[in-house]
Amino acid sequence: MNADVIVVGAGPTGLMLACELALAGVRTRILERRTEPQRDSRALSLHPRSVELMDQRGLLDRFLPLGRTVPGWHFAQLPTHLDFSRLDSRHGYTLFLAQARTEALLAERARELGVEILRGREVVGLSQDGDGVAVEVRDPEGTETVRARYAVGCDGGRSVVRQAAGIGFPGTDETLTGVLGDFAVIDADPAVLGAARDRGVLVAPLEDGLTRLVYLDPERMRVPAAEPVTLEEFRTSLTRICGSDCGIAEPRWLSRFGNATRLAEGYRSGRVLLAGDAAHIHFPAAGQGLNTGLQDAMNLGWKLAAVLNGWAPPGLLDSYDEERNPVGRAVTENTEVQTLLAELTLVPQYQRPAAALRGLANELLGMPEVNRRLAAQVSALGTVYPPATPGADPLAGRRMPDIGLTAVASDAMRVYDLLTEGRFGHLDLVGDPDLSDTVTPGWGARVNAVTVTHRDDHADLAGVTEVLVRPDGHIAWATRTVDIGARRDERRRALTAWAGTPS
């Protein structure tokens, strides 16, 4: 075998997955078609859950200084924004950070962990057998076949890996396109840019003095995404939409994007798996694509590593599709809703009812409960995985709150401090002097266990006596049992079910 896992695609999803695998000691190789890192950034933001993932792995200090935080985000470009700051997270904000920066930081981390990133390698075919996967790779010197025990397609919406594995990709074709442009020169007059925003043009400052403009032009919104965008078209459309071309000049990147929406029938076929855009594509409404891919990678990484390291309990790898496919469906559905809310305002016969519908939607977003629910979905802080066993505690599958705590013979810490190595975190919240004797002998290499002597109050943890936190920060098991003997029995069963048989 050339590697334990071949990851196809060096975008954010592939890089994040490679980091997770390498953190667990899995030999990982990334094959990327492009010869150089992507300079231009289609995505510009990390949402709260993605920021939490970086925090869980001790990487946030690399990302935070390079970005700009904003307390919320838009939904269908409605005037009332989603308020992330009111959600239950230390990171209730969007981190405005260009995709190219995110990729560079993740590539740096991957190399630190020993990941081999090979550029200029185009995957042109793939087959699998009972022992592994054969990947056909083309480079300037010819074509060769490399093998691995597993392969993961993180190679975008036109994924060669997905097609070679025979995984269906049903959905809807493109019917609408928008345009974006990054410009070095623009009229910075607040009145000019304000008028553009009022007419639905997204205006976003970028690094290096660039400004991004994004719009939907009613007269050009049926142009195929494959048709190149020209500066002349951009200026004409802006003038038509908002009465001014906003003084744009010196474009660095012009691009057209569409609303084709598809979801893979499954995220796994034998030894081949999918993540990111290879598994789901949609209109870039509310900037969820890159973030969903990062969260796919975080869910898959520790599970695939557990299989390769020989301790995965039965069905663990199958749970990747079971947990993440419904998330992909929810994202594609909410982006379709947002796209429709925008598109209808541009179609003459629907403009009046569409304006009324958007007004109603905006009024609903002003209601705290509605805002909180949609904010939780778009931010992914509200993602809950189905419990693995019937009758599980209501906390099972939810995110573990990053509470502050003090443990026996330890300084003050946070829950996320237990997860930086990619292990489980086990918290005894009421005190069992034999906790380490139960956990360490069999599961010590996979689980960081602490007996908590003091912790921050959190309503969701009222009455909870023990919690097992998965490496991706979701709760695997929780109990409210007080009796120590009964708790120890439950604990062993939970550890075996999630962290495998004791070594």
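Taking other residues whose beta carbon is less than 13 angstrom from the beta carbon of Ser255, and scoring Lys, Arg as +1 and Asp, Glu as -1, yields +1. Principal-axis analysis of the Cα atoms of the chain puts helix 99-112 at an angle of about 30° to the longest axis.
Could you give the angle, 0 to 90 degrees to the nearest 10, between helix 484-499's Cα long axis and the longest principal axis of the Cα atoms of the chain? So the helix axis and the longest Cα principal axis differ by about 50 degrees. Across region 404-499, the relative contact order, built from alpha-carbon pairs under 8 Å that are at least six residues apart, equals 29 percent.
One entry in (i) 74, 59, 38; (ii) 81, 68, 42; (iii) 67, 52, 48 is Cα extents along the principal axes in Å calculated from the shown coordinates; its label is (i). Our helix-only sum for the chain, with -39,500 (n - 2.57) per DSSP H run of n ≥ 4 divided by its residues, gives a mean residue ellipticity at 222 nm of -10000 deg cm²/dmol.
Among Leu53, Leu176, which comes first, then next, by fewest other beta-carbon atoms within 10 Å? Walk me through the numbers before you get to the answer.
Values: Leu53 25, Leu176 19.
With the sparsest Cβ surroundings first, the list reads Leu176, Leu53.
Students often check this: by mean Cβ neighbours within 10 Å, which of 293-303, 431-441 ranks highest, and how do the rest follow?
The most tightly packed comes first, giving 293-303, 431-441.
Against the main long axis of the alpha-carbon atoms of the chain, helix 351-365 sits at an angle near 30°. Taking amide H as placed 1.01 Å from N in the peptide plane, Asn448 has its amide H under 5 Å from the amide H of Phe424, Gly425, His426, each at least 5 places away in sequence or on another chain.
Kindly state, to the nearest 0.05, the FRET efficiency for Arg373 paired with Thr406, given R0 = 30 Å and r defined as their beta-carbon distance. Walk me through the numbers on the way to the answer.
Values: r = 34 Å, r/R0 = 1.13.
The computed FRET efficiency comes out at 0.30.
For region 404-499, the convex hull spanned by the alpha carbon atoms encloses 89 Å³ per residue.
Summary of the geometry: region 327-401 and region 1-54, compared by the centres of their Cα atoms, lie 27 Å apart.
Looking at the chain only, what percent of DSSP beta bridges run antiparallel? Nearest 5 please. Don't jump to the answer; show the numbers that get you there.
Numbers: 58 of 79 bridges.
Counting only bridges with both partners in the chain, antiparallel ones make up about 75 percent.
Our coupling estimate for region 65-71, obtained by passing each phi through the Karplus curve with A = 6.51, B = -1.76, C = 1.60 and θ = phi - 60°, is x, 8, x, 10, 8, 10, x Hz, Gly and Pro reported as x.
Rounded to the nearest 5, the antiparallel percentage of DSSP beta bridges internal to region 404-499 is 75%. One chain, two ends: Ala445 and Leu360. Fully extended at 0.36 nm per residue, the span grows by 25.2 nm beyond their Cα-Cα distance.
We did not get these values from a lab; they are worked out from the coordinates using the rules stated. What you see is a predicted model, and the numbers here were worked out from it, not measured in a lab. When we count neighbours, we look across all protein chains shown, and the Cβ atoms used for this are built from the backbone with ideal geometry, even at glycine.
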